[in-house]
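No lab work stands behind these numbers, since they all come straight from the coordinates. These numbers were taken from a predicted model, which means no experiment stands behind them. No Cβ is skipped: glycine too gets one built from the backbone with ideal geometry, and neighbour counts run over all protein chains shown.
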Amino acid sequence: MTDTFDNDIAVHYSKEIFEEMVSASSKFPPFASEHEGYAVLLEEVDELWEAVKLNQKTQGRQMRIEKECIQVGAMALRFLHDKQMRETR
């Protein structure tokens, strides 16, 4: 392991991303197509970009960035999951 990678951090966020994907999957139906998956993922990336552009002194900015990164990861994982489920039917 190098000094530039912390396995504990990666495992922590992997769990957060998985939990967010499971939560979203319980609230919303599977992506009907790659087009829909891309649109949802793009929306999450746009929300991350909005958080990144906030003034660095904005209260809650770092928490919002973390939340949006987790949602981007969750939707990317869901995209792959739903695509695989459609292909195996």
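Observations, loosely collected:
- Counting only residues at least eight positions apart within a chain, or on another chain, the lysines with an alpha carbon under 30 Å from that of LYS53 are LYS15, LYS27, LYS67.
- The stretch 1-88: trypsin sites (Lys or Arg not before Pro) in DSSP coil with no more than 11 other Cβ atoms inside 10 Å: LYS53, LYS57
- The relative contact order of the chain, computed from alpha carbon pairs under 8 Å that lie at least 6 residues apart in sequence, is 41 percent.
- The stretch 7-87, dipole about Cα centre (Lys/Arg Cβ +1, Asp/Glu Cβ -1), debye to the nearest 20: 220
- Rounded to whole Hz, the Karplus (6.51, -1.76, 1.60) HN-Hα couplings of the stretch 38-54, x for glycine and proline: 4, 4, 5, 4, 4, 4, 5, 5, 4, 5, 5, 4, 4, 5, 4, 6, 4
- Estimated distance in nm for a label pair at GLU87 and LYS53, the labels positioned 7 Å out from Cα along Cα-to-Cβ: 3.5
- Karplus-derived 3J(HN,Hα), 6.51/-1.76/1.60, for each residue of the stretch 73-78, Hz, glycine and proline x: x, 5, 6, 5, 5, 5
- Positive-end residue of HIS81, LEU54, ALA32, charge dipole of the chain with Cβ unit charges: ALA32
- Net length gained if the chain between SER14 and HIS35 were fully extended (0.36 nm per residue, minus Cα distance): 5.1 nm
- Helix-derived mean residue ellipticity, 222 nm - over the chain, DSSP H n ≥ 4, -39500 (n - 2.57), to 500: -26500 deg cm²/dmol
- For the chain: Kirkwood Rh in Å [reciprocal of mean 1/r, alpha carbons]: 14.3
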